[in-house]
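These notes are about the structure you will find just below.
The values are calculated or read from the model by the stated rules, or taken from the named source; none is laboratory data. All values reported here derive from a predicted model rather than from experimental measurement. No Cβ is skipped: glycine too gets one built from the backbone with ideal geometry, and neighbour counts run over all protein chains shown. Areas reflect the complete protein model, heavy atoms only, side chains present, ligands, DNA and RNA absent. Shrake-Rupley method; radii C 1.70, N 1.55, O 1.52, S 1.80 Å.
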Amino acid sequence: MEQYIIKGGTPLRGEVDISGAKNAALAILAAAIMTDETVTIDNLPDVRDINVLLQAIEGIGAVVVRESRNCVKINGGTIRSVTVDYEYIRKIRASYYLLGALLGRFREAEVALPGGCDIGTRPIDQHIKGFKAMGANVKIEHGMIKTKADRLHGNHIYMDVVSVGATINVMLAAALAEGNTILENAAKEPHVVDVANMLNSMGANIKGAGTDVIRIKGVAKLHKTEYSVIPDQIEAGTFMFAAAATKGDILVKNVIPKHLEAITAKLLEIGCTIEEYDDAVRVIGADELYCTQVKTLPYPGYPTDMQPQIVVTLALSKGTSIVTESIFENRFKYVAELNRMGANIKVEGNTAIIDGVSELTGAEINAPDLRAGAALVMAGLAAKGFTIIDDIVYIQRGYENFEEKLKNLGANIEKVTSEKEAMKFKMKVS
Ligand code: EPZ
């Protein structure tokens, strides 16, 4: 089993290039099969969730050609099945985008119920509500979601909760439905906009993505495109907070600074210095950081996917901070691990009360999910001594080249598979 071993205490310094956004790319890959022409997708992050989805797309008959590590060509003209029950697909959340994509194109889809990080119950009722409003039948049988529409038509749909997944899924299906769809209370995340832009480049007619009302005029057919995925806001934010937590200085390159505003605002508030460029952000840590309060919210609020990273940083900041998780109910599981490293955090319901400590100490800990896993790596990098992180498979789901990028910033981190390799690392860095 792969683990990370880290010797902490070195401030991270230097430059890091941010990869394409995983959560945009997952939906964009699904959109790519909505035409029988070839779609080229560039700036695709080479991470596990993406590779699983590509295998599933190949599994239903599409032709997938990996032009390079970060570029893929997909031709959906040869799709022979609308049933996606590939062994690993159950492990990724974004499998649900194949429902919207296949329903739109073939008026029928069967996809294994999605898994993903265990951060809460994560219902999909809003996706189902959207498909039903467009005239589709939806039923759940034997762990599969089955949907079929004799006529798929536009409708006026009001989302009861702001959901990234449901917004994108309805957008996918509605792009090829008959007539107009108006989606109200839509999610406004940058990846929703990216998927709309990509679909429009295929000939769809989607207006208003990025606001809470999206208007989609169904078209009869989509066509080929070449599209480059936006930079990953959450990967960027993770490196920004890593600069803060390790008292380092990182130039985070290939980003859209506008997408990072909520993160930048919190870093400034706790005492970091930020320099903003056209497509880069520099974060300079400070010897002493200060407490703050934050509540996770849909975009443009502070992202839930950046919650563990700010908690790790606030665990090392002066005073008492309060972090409220309002999106997922089970996203503080990593706090017990952090407390084993010397943090002083109490969780009450959906709130973490953090009493800042002057240092963390290395320990053997588990990554409970993707973002918490990355945040625990940050904690290990900031802590005194050695940290070993198990279950790094979660981190590999969403961070491309994570340990390489950290090493380039001066981190002492190694991926190891045995006690012997861990000992070798310890000797090397001692
Ligand atoms: C996406 O999940 C991301 N995943 C998550 O990223 C991210 O945390 C989340 O959006 C919020 O930004 C992907 O893009 C693959 P939601 P998603 O639907 O779409 C409730 C990561 O680390 N809800 O926006 O599943 C839901 O329970 C992952 O990269 C319903 O009630 O999230 C939650 O409370 C983890 N009914 C809220 O809405 C529904 O039908 C927002 O969830 C759908 C959602």
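Odds and ends about this structure:
- Alpha carbon convex hull of the chain, projected area averaged over orientations, nm²: 19.0 nm²
- Over all other residues within a Cβ to Cβ distance under 14 Å of Gly143, the charged ones net out to 0, with Lys and Arg as +1 and Asp and Glu as -1.
- Accessible carbon and sulfur surface of the chain relative to its total accessible area, %, 1.4 Å: 48 percent
- Residues considered: Val82, Val195, Val377. Largest GNM mean-square fluctuation over the chain, using C-alpha springs under 10 Å, is found at Val82.
- For segment 197-316, alpha-carbon Rg relative to the globular expectation (2.2 N^0.38 Å, N residues): 1.30
- When you filter the trypsin sites (Lys or Arg not before Pro) in segment 198-257 for DSSP loop state and at most 13 other Cβ atoms inside 10 Å of their Cβ, you are left with Lys221.
- Where chymotrypsin sites (Phe, Trp or Tyr not before Pro) fall in DSSP loop in segment 235-311, at most 12 other Cβ within 10 Å: Tyr277
- Projected-area mean, segment 90-160, by convex hull of Cα positions, square nanometres: 4.8 nm²
- Between the listed residues Thr296, Gly385, Thr181, the Cα displaced farthest toward the positive end of the dipole of the chain, a dipole computed from Cβ unit charges relative to the Cα centre, is found at Thr181.
- Each label point was placed 7 Å from the Cα along the Cα-to-Cβ direction; for Arg80 and Glu288 their separation is 7.0 nm.
- For segment 365-430, average projected area of the Cα convex hull in nm²: 4.3 nm²
- Approximating the spin labels as points 7 Å out from Cα along Cα→Cβ, the Asn330-to-Glu421 distance works out to 3.0 nm.
- FRET efficiency estimate (nearest 0.05) - Cβ-Cβ, Glu404 to Arg340, R0 22 angstrom: 0.20
- Among Val65, Val16, Val281, the largest mean-square fluctuation in a Gaussian network model of the chain (Cα springs under 10 Å) belongs to Val65.
- Here segment 130-254 is treated as a Stokes sphere of Kirkwood radius computed over C-alpha pairs; at 4 °C and 1.567 mPa s its diffusion coefficient rounds to 80 µm²/s.
- For segment 156-223, convex hull of alpha carbons as volume per residue, Å³: 60 Å³
- The equivalent ellipsoid of segment 22-228 has semi-axes of 22, 19, 17 Å, largest first, where each one is the square root of 5 times an eigenvalue of the Cα gyration tensor.
- Taking other residues whose beta carbon is less than 11 angstrom from the beta carbon of Lys247, and scoring Lys, Arg as +1 and Asp, Glu as -1, yields -2.
- Applying the criteria of a DSSP loop state and at most 16 other Cβ atoms within 10 Å to the GluC sites (Glu not before Pro) of segment 58-101 yields Glu87.
- Solvent-free Debye calculation, one equal scatterer per alpha-carbon of segment 2-109: log10 I(q)/I(0) at 0.19 Å⁻¹ equals -0.91.
- Compactness of segment 38-84 is given as radius of gyration and Dmax, 10.4, 28 Å, from Cα positions.
- Under 18 Å from Lys221, Cα to Cα: aspartates and glutamates that are on another chain or at least 8 residues apart: Asp36, Glu37, Glu108, Asp150, Glu178
- Excluding ligands, DNA and RNA, the accessible surface per residue across segment 341-430 is 42 Å² with a 1.4 Å probe.
- The distance separating the Cα centre of segment 313-390 from that of segment 54-70 comes to 37 Å.
- Label sites at Lys318 and Leu113, each approximated as a point 7 angstrom past Cα along Cα to Cβ, lie 5.1 nm apart.
- With the convex hull drawn over the C-alpha atoms of segment 287-396, the volume per residue is 92 Å³.
- What the Cβ-Cβ distance of Glu359 and Thr273 gives, at R0 = 25 Å and to the nearest 0.05, is a FRET efficiency of 0.65.
- Surrounding net charge for Glu108, when Lys and Arg each add one and Asp and Glu each subtract one, Cβ distance under 11 Å: +2
- All aspartates and glutamates inside 13 Å of Lys253 as judged from Cα atoms, apart from same-chain residues fewer than 8 positions distant: Glu15, Asp17, Asp232, Glu235, Glu275, Glu276, Asp278, Asp279
- According to the Kirkwood relation over distinct C-alpha pairs, the hydrodynamic radius of segment 252-317 is 12.4 Å.
- Anchor Lys188: lysines whose Cα lies under 23 Å away (excluding residues fewer than 8 positions away in-chain): Lys22, Lys129, Lys132, Lys207, Lys217, Lys258, Lys266, Lys295
- Taking the Cα centre of the chain as reference, the dipole from Cβ charges on Lys and Arg (+1) and Asp and Glu (-1) amounts to some 560 debye.
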